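**Student:** Mind having a look at this structure? Questions to follow.
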Amino acid sequence: MTGSIVYRPRNAGKLKESIHLQNSLQTNYIGNRVIWFKNLSSTQEFARGLISMNGMTRLNGYVIISDRQQNGIGRYGNMWISPKGGIWLSIILSSTLHPSRIALFSFCASVAVSEAIEICTGINSRLKWPNDVMIQGKKVAGILVDASVDADSIEHIIIGIGVNANLKTAEIEKKLQDHEQPYPITSLQEQLGTPCNTVEIIKCILQTFDKHYSRIETDSSYPILHKWRERAEPIMWRSVQISDGANLHAGKVVDLDEDGSIIIMHKDNRLEKIVSVESRIRFID
Ligand code: BTN
């Protein structure tokens, strides 16, 4: 395709900030184009629209950011409350990997977010399988992976990243009071006792993500799962209940597979492999 990339609304809102971030990024792929809005329904939905209007040819590495989202989307189609002060962004990717390895991108994103939080704020976070970012048992960030795949190739991936940065969590919890939440939430501001620099954190997330993504694409032995395990909450041999949206699976965790799925052992010693992308885990020991 030639000509400019088509998108609506035409006014990107924060052109100066978009260009500044784009030019300051030290990345191979990610953020070669940044589109930053003041207000959007959802960066994930916008990214999907961009792909359907333009195809993927030139969109690899595009980053969509919005200061706030009216209809932020969480996993399982849950709503994701996204007021001003948070970090709400989506990254558009193409990949040469086999679709069976797609979960690696969700591990890559959670590792990048956890590393960026540590680099920029000094806070240690823990990762909860498959990709929640937790601080002292409370969720500070979530990752949503949308992908279009066929039998042996990945057409595109959209990685949605939401970080509760400068937010008062009481306000979010109030809005969520009628919706069951698996665990409490926190924000970086609450943890630090002072607001954090969201632009610096966005830049750092994109750069760390780019570093891991470049390696995953080119080196099949790149140990992204090992990096995830180093930051993960202890999970081995713990009793869990895993919901994959449709079914509940209960057992003890015996392994994590190279493709990111989890292997549990049932009471009758039967092993079961559960893919990660649409699953949620609850520890019951
Ligand atoms: C989760 O449920 O844990 C995933 C939350 C992902 C939220 C982010 S915010 C940016 C992007 N746009 C959305 O509408 N959702 C994702």
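Throughout, read-outs are computed from the coordinates displayed, never taken from laboratory work. Values in this document were obtained by computation on a predicted structure and should not be read as measured data. Heads up, the Cβs are rebuilt from the backbone with ideal geometry, glycines too, and the neighbour counts pull from every protein chain shown.
**Student:** Is one or more of the residues making up segment 185-201 surrounded by fewer than 20 Cβ atoms within 10 Å (Cβ to Cβ), more than 20 Å from Lys138 (Cα to Cα), within 20 Å of the chain's Cα centre (by Cα) and not β-branched (Val, Ile, Thr)?
**Tutor:** The answer is yes; a qualifying residue exists.
**Student:** Just to check your reading of the model, which residue among Gly245, Gly142 is surrounded by fewer than 20 Cβ atoms within 10 Å (Cβ to Cβ) and either within 16 Å of the ligand (Cβ to nearest atom) or free of Cβ contacts under 8 Å to residues at least 40 places away in the same chain (or both)?
**Tutor:** Exactly one residue qualifies, and that residue is Gly245.
**Student:** Report whether or not Ser24 is in contact with a strand residue (DSSP E or B) (Cβ under 6 Å, 6 or more places away or on another chain) and away from the ligand (no atom under 16 Å from the Cβ).
**Tutor:** So Ser24 does not fit the description; no.
**Student:** Related question: Can you tell me which residue within segment 167-184, out of those that are within 15 Å of the ligand (Cβ to nearest atom) and among the polar types (S, T, N, Q), is surrounded by the most Cβ atoms within 10 Å (Cβ to Cβ)?
**Tutor:** For segment 167-184, the residue satisfying everything is Thr169.
**Student:** Also, quick follow-up: Within segment 126-138, identify whether any single residue is crowded, with 24+ Cβ neighbours inside 10 Å, out of contact with any Ser or Thr (no Cβ under 8 Å at 6 or more places or on another chain) and under 16 Å from Cys204 (Cβ atoms), and answer yes or no.
**Tutor:** There is no residue in segment 126-138 that is crowded, with 24+ Cβ neighbours inside 10 Å, out of contact with any Ser or Thr (no Cβ under 8 Å at 6 or more places or on another chain) and under 16 Å from Cys204 (Cβ atoms).
**Student:** Scan segment 109-125 residue by residue and report those that are buried (at least 24 other Cβ atoms within 10 Å of the Cβ) and either within 12 Å of the ligand (Cβ to nearest atom) or without any contact (Cβ under 8 Å) to a residue 60 or more places away in the chain (or both).
**Tutor:** Within segment 109-125, Ala109, Ser110, Val113 qualify.
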